[in-house]
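The values are calculated or read from the model by the stated rules, or taken from the named source; none is laboratory data. What you see is a predicted model, and the numbers here were worked out from it, not measured in a lab. Counting neighbours? That spans all protein chains shown, and the Cβs are built from the backbone with ideal geometry, glycine included. SASA here: full protein model, heavy atoms, side chains in, ligands and nucleic acids out. Shrake-Rupley method; radii C 1.70, N 1.55, O 1.52, S 1.80 Å.
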Amino acid sequence: MGNSAFTEPGGERYFEDYVAGSVHELGTVRVEEDEAIDFARRFDPQPFHTDPEAAKETVFGGLIVSGWYTVSLMMRLYAERYLSSVSSLGSPGVDELRWIKPVRPGDELSVRVSVLETRRSRSKPDRGIVRSLIEVLDRRGEAVMSMKIVNILLFQRKL
């Protein structure tokens, strides 16, 4: 399948709308330095995330964004533009979370979701399981973060 997009935030989508092989471009987000530093001070207080001057003396040669902040930026787009407000039942977890390249303040990131597989739940016939690859890309289209996630969604109609 080719690229597609769920254009409505939190749209009325059901398990049937998530098709194996489809790719969804979720839009872009700009990394704001003050927000990234505030986040890191609260949740990942390492000098290369919190102190622009001290970060110059690290192996990164400057401030980099916490990977957890990158996940948070991705999650905002994922929740608003990919997950369904009417059928999403959450996720049992993620696998293979990777921070591939440092993200810096001022970077513009985009999110791409590829549906890897879908299947009906064996134990609960009113829902299905969607396994997806999420990639966060920089302006050059190179992955800076990736992870695989499983979501549980209701069927629109009983099958």
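Would you kindly identify the helices (runs of 4 or more DSSP H) lying entirely within segment 18-67 that contain at least 1 residues that are surrounded by 14 or more Cβ atoms within 10 Å (Cβ to Cβ) and of a type in the set (D, E, K, R)? Steps first, please.
Details: elements: 33-43, 47-50, 52-55.
Passing ranges, in order: 33-43.
Only one of these is in a helix (DSSP H, G or I) and surrounded by 14 or more Cβ atoms within 10 Å (Cβ to Cβ): L116, L73. Name it.
Values: L116 fails: in a helix (DSSP H, G or I).
Of the residues listed, the single one that is in a helix (DSSP H, G or I) and surrounded by 14 or more Cβ atoms within 10 Å (Cβ to Cβ) is L73.
Which one is farthest from V19 (Cα to Cα), of the residues in segment 128-139 that are of a type in the set (D, E, K, R) and open to solvent by less than 60 Å² (accessible area, probe 1.4 Å)?
From segment 128-139, those of a type in the set (D, E, K, R) are 131, 135, 138-139; that's our starting set.
Restricting the remaining residues to those that are open to solvent by less than 60 Å² (accessible area, probe 1.4 Å) gives 135, 138.
Values: E135: 17, D138: 26 Å.
By that ranking, first place goes to D138.
Quick check on my filter: what residues within segment 40-77 are of a type outside the set (S, T, N, Q) and under 17 Å from the mean Cα position of the chain (by Cα)? Lay out the reasoning, then the answer.
Of all residues in segment 40-77, those of a type outside the set (S, T, N, Q) come to 40-45, 47-49, 51-57, 59-65, 67-69, 71, 73-77.
The answer is V65, G67, W68, Y69, V71, L73, M74, M75, R76, L77.
What residue, of H49, H24, is closer than 19 Å to R112 by Cα and of a type outside the set (A, V, I, L, M, F, W, C)?
Values: H49 fails: closer than 19 Å to R112 by Cα.
Every option except H24 fails the conditions.
For V31, all conditions in the list (1) modelled with pLDDT under 95; (2) within 18 Å of S110 (Cβ to Cβ) hold save one; what is the number of the exception?
For V31, the failing item is (1).
Does segment 83-98 contain any residue that is closer than 23 Å to E35 by Cα and touching a Ser or Thr at 6+ places or on another chain (Cβ under 6 Å)? Talk me through it step by step, then tell me what you get.
Within segment 83-98, the subset closer than 23 Å to E35 by Cα is 97-98.
Of the ones still in play, those that are also touching a Ser or Thr at 6+ places or on another chain (Cβ under 6 Å) are 98.
Checked segment 83-98: at least one residue is closer than 23 Å to E35 by Cα and touching a Ser or Thr at 6+ places or on another chain (Cβ under 6 Å).
Being outside any helix (DSSP H, G or I), among the β-branched types (V, I, T), modelled with pLDDT under 95 and open to solvent by 50 Å² or more (accessible area, probe 1.4 Å) is the requirement here; does V94 meet it? Before you say what the answer is, go through the steps one by one.
Working: outside any helix (DSSP H, G or I): yes; among the β-branched types (V, I, T): yes; modelled with pLDDT under 95: no; open to solvent by 50 Å² or more (accessible area, probe 1.4 Å): yes.
No.
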